[in-house]
Structures are given as structure tokens and as C-alpha cells.
Amino acid sequence: MKNELNRLTVKEMAQGLKKRDFSCFELTGAHLDAIAKKDEEIGAYLTVCAENAKARAHALDALGKEQRASAPLYGVPYALKDNICTAGIKTTCASKMLEDFVPPYDATVEERLKAAGGVPLGKTNMDEFGMGSTTEYSAFQKTINPIAHDFVPGGSSGGSAAAVAAYEAPYALGSDTGGSVRLPAAYCGLVGLKPSYGALSRYGLVAFASSLEQVGVLSRGVYENAAAFLTLLGADEKDATSCAFPPFDLERTEQAGVKGLRIGLLRPFFEKGVDPRVATGALDAAKTLEHMGAQVTFCPLAPPEHSLAAYYVISSAEASSNLARFDGVRYGKRSEKGDSLEESHAFSRGEGFGKEVKKRVLFGSYVLSAGQIDRYYHKARAVAAALKGEVTSLFEDFDLLLCPTAPALPPKRGEHPPTNAYGQDLCTVLANLTGLPALCLPCGRTREGLPLSLQLLAPMGREDLLYRTAFAYEGEEKK
Amino acid sequence: MPFEKEEFFKREELEKTAELCRVFLTDEEKQAFEEELAPLLCMARTLSDLPDQGILEEAQETGRVREDTVKKSLQREHLLACAPEQSEGFFLFSKKGE
């Protein structure tokens, strides 16, 4: 049985550890064995911290009962996306620019998970600097979808999703700028959370688009997703954009049910441009919630095409600014070429950044340039502000909003044209542009076995409503 | 091909932008990016026809600021250890010029 510890639910893992049915060392070992057996094929991890994980697990086992934290994830291992800083462990953002970068500090989210008794297993693959929807833009390796090997795992947190779906980690952290947690969660049949903007600290998350992104959680079940969120929740003085959103009671939320909840179906995401199989999957899930006592009706929303355009303008503009720090002087790759400081910067960045990152930096610089900023960037901010107002008014009539997580099924590996790649974020950017929390969860599979996923959005700071609905739906699906 | 030639990035605009953001591009990259930036540019152009309403309100949003006090931070030697080159407590840049 101990060889299969990695296949237990996280709740069973936590209970087993508490009752001492097995040790943290054995649980960690089961995951490291799974990584050793499967990850050469899956490609989820860029760095595996086997010795560190074993040492930490051993130290946690050695603590007396009174010294052990009562946290729900005490002793449970996890994986981290490789754009979350880890003291003494490489953090590459899947970029040649940071190939040898070893941060001198932990991100706040990593500090909090470790303080709650977590065991980090390693760092996962991603699209370079978070720019992509397939994890094919990693500078180092490809990751395959463990559910359907010919398909991409989604991105940019595709390594985190693949690690969890392949039982190489019980849960994982990712980051979500325009859908980078939810899209891979959807494509790999997982639960994925993009928290309210400011709910979790971004200190130590390598910045891509600061006004849009949040650290998020990927998991096989709702319980550990909620438990990890509660562990990470809270303001951080090192991140001025973090806020003190109130926590919720996990057990009570698990039992609350959906009776009386008013759920609005975002009509544009069920219409043209969305694969009918994906739309039907989300509609069927909505019907299930209706049968369980929720009130479900359609509601309007502005055309999503403008939101997608606003997202790419804002995220690229912020990326061009955030990535300006990579100049090969203070850290990162330095080119051997160039006769002046400016030339050295340009060659270092030319050699260090991959193709997609260069495109976004160029596009971001262009939309911020003096002749274009009013035409593009200011318009994009206005679209985001209008969208926020529109969605806020929807929450006067609805407790939650529902739509598919992605407009299409996962693309095959190596086959996606860039236009489709940008379009994959159609349903997810809404939460990033408005700052709202969003949770995706699996809602069945197609005849070909590809996962379907629904997405729920809630008002700011109301992750409890997301989890309440997700717990109820997950429970119903297990019946 | 999904995009028309007139929707491509113009070469001189591309070169000027690359210089502005200090990214060296090879000739092959320049040629590829003229076309490959078209999807992003076409998406962005859908915004330029929208009315200006809301721009000022959005621009007025402000963030929270921290108290201006000295606190314990990362150690100098740990930060310097991340640099490609360092010497005597400074980041080292040994190229010609500045």
C-alpha cells in the first residue's frame, strides 16, 4: 500500500499522517518514486529537490505531537512553478535568461507553506516567464498532458498541472496572469484557483504583469485547493498590493451546499467562437447545480473580443516594463558581445529571451510608445475599467457567474497556430482584468476522453462561494 | 494565411521598437516578427475605434503605499552573489564604454 501513497486523496494523506499510519518520509518518498519513474516522459519538473525533500520530511517526522502544526496540509508535499522564488534552489522561469539564477530568498507563499508543514518536491516547467498557453514555450523541455499524451497540458503553469495529474505531487502552486492556472487545470482535469487580486502575496513571484497576476493553486480535489488557499491567504507587508481578505471555515463551506445560490451563465461564452462540446459540458454542469437547488439563468456581457485585446495590450505593456530589469548586470545571463553598456544589454536580452517573450516585450514597448499609448494602452485600461463596472453590477443579481474555462479542447502538441494560442484565454482573462476570484473544476470528459471544465467567478474576496459550489458539485459527481 | 500584408508590423517600426526596449534581433527574427506580431496588432486595433469614455477615471486609480521606515532587508553579499560579475561590494561591468 505504501507504494501507492501518492494516489490517496490529500485528505486521506493528512489523516494518515495524523494517525501515524505512514510517515511524512514515506509519503514524500512515494512522490519522489513516482517522479523518478514517470517524469522523464511527462516532463513536469525542471528541478527535483529529492534530498532536501527527504531531509525536511525526516525532520517533520521527528517532531513531537505538541510541536506539529495543526494545519490541514501538515506533512503533505507540493510542487512549485519555476517562477516562484526559492532560497538556494534555482528559479529559472523556464528561460535561458535565468538558467543559473539561485534566489537568496523565499517567496512569501513558499514561506507560508513551509511554515504550515509542507514539503516542497521541486520546481515545475512553464511557458517562459508565464507567456503562453501550452508550456511549449519553455526554453528547456516539453511537458505532455498526462490525461492525453498527444495533447498539450495547457499553460503557462503546465508543469504544475502535469505533476498533479500524474500523481507526482498532491497539489501545486502556479501563477495566473490571464488563465495560466485555470487553463492547464482544465486541460489536465484538475481544480484550479485564481484568487482575488491581492488575496495572496506576490512577493517573490517573478513579475510578468503586476496588475493582473496572482499565485494560484492546482489540485485533484477541492479540499486541498481550499486548504492551500487558506494557508496562503493574508496581507504581506512585502507586497503593497496584498490585502487582508477574511478567511472562511473550511468544514462549514464543505457542507454548505448550493441551495438558493443565484448563478448567472455568461451568455457570450456559450455562443459563437466556443466549441459546442465545451459549452455543453459547462451547461450540463449548470443543470446539475440547478437540480441541487441553485437558481440558474443566462446573463449578458460585453463582447469578449475587446477583453482579450485589452488583456494582451495591458499584459504586454507591463511585461515590457517588468522585464526591463533583465539586463545582464545584476543577475541573469550576460552576453559576451557588445562594446557598450547599451549593446551588452541588447545582446544579453537578445540571447536570453525566447521568441515569444521577445514578441511580447516588443509589442508592449510599442503600445506604450509616445505615438501609440493613447490609441492602445489607455483604451485597454478603459475597457478593463468598464468591464469591472459591468461585472460588479451583475453581482447585484447573482452570487456567482459561470462559463466554460476554455473556448476549446486542448490543442494537440506542436500543432497550435499562434492565433489560436492567444484565443485560448478568451474565457479566463475576465477574472484578471477585473481582479475577481475564479475557480475551474472538471465537469466530465468528451467521447475521446478529453477533460471538460467549468469556471465559476465570484465577487472580490468571496472565494468561500467558489469553494462552497465546487464542494457541492464535486460531491454530486462522485455519487 | 490569416493576416494581410498591410496588417504586418513595418520593418522600421520594429527596428525602432527593438532599439527602444534594448532587444537585439537577428535578420531572421525581424522577418518573422513582422508577420508574427500581426495577431497581437490586429487584436489591439479593435480597441483604437472604441470611444475614449472611462480613460480619465481609470487613470485616477491609486495604490496603497508603505510606511517610509527602514526595515531589515536582504543582505548585500547574497544579492551580489546573483550577479554575473562582482567585485569589492559592487556589481561589475567590465565592458568598454561607461
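A few notes on this one:
- Whichever residue in segment A:418-470 is aliphatic (A, V, I, L, M) and at pLDDT below 95 and, among such residues, is nearest to A:Ala385 (Cα to Cα): A:Leu426
- Every residue from segment A:274-323 that is in contact with a Lys or Arg (Cβ under 9 Å, 6 or more places away or on another chain), among the small types (Gly, Ala, Ser) and under 26 Å from A:Tyr422 (Cα atoms): A:Gly281, A:Ala309, A:Ala310, A:Ser315, A:Ser316, A:Ala319, A:Ser320
- Subset of segment A:236-256 that is within 30 Å of A:Ala107 (Cα to Cα) and hydrophobic (A, V, I, L, M, F, W, C) - its residue that is nearest to the other protein chains (Cβ to nearest Cβ): A:Ala240
- Among the residues of segment A:57-107, those that are of a type in the set (Gly, Ala, Ser) and out of contact with any Asp or Glu (no Cβ under 7 Å at 6 or more places or on another chain) comprise A:Ala57, A:Ala59, A:Ala62, A:Gly64, A:Ala69, A:Ser70, A:Ala71, A:Gly75, A:Ala79, A:Gly88, A:Ala107.
- Cβ pairs under 6 Å, 6+ apart, first in segment A:368-386 and of a type in the set (A, V, I, L, M, F, W, C), second part of a loop (DSSP other than H, G, I, E, B): A:Ala382/B:Gly54; A:Ala385/B:Gly54; A:Ala386/B:Gly54
- Within segment A:94-111, the set of residues being outside any loop (DSSP other than H, G, I, E, B), of a type outside the set (A, V, I, L, M, F, W, C) and out of contact with any strand residue (DSSP E or B) (no Cβ under 8 Å at 6 or more places or on another chain) comprises A:Lys96, A:Glu111.
- Any hit, segment A:257-278, residues being modelled with pLDDT under 95 and within 14 Å of another protein chain (Cβ to nearest Cβ): yes
- When restricted to residues that are assigned to a helix (DSSP H, G or I) and in contact with a Leu (Cβ under 6 Å, 6 or more places away or on another chain), segment A:112-131 contains 1.
The values are calculated or read from the model by the stated rules, or taken from the named source; none is laboratory data. Everything numeric in this text was worked out from a predicted model, so none of it was measured. Cβ atoms come from the backbone with ideal geometry, glycine included; neighbour counts cover every protein chain shown.
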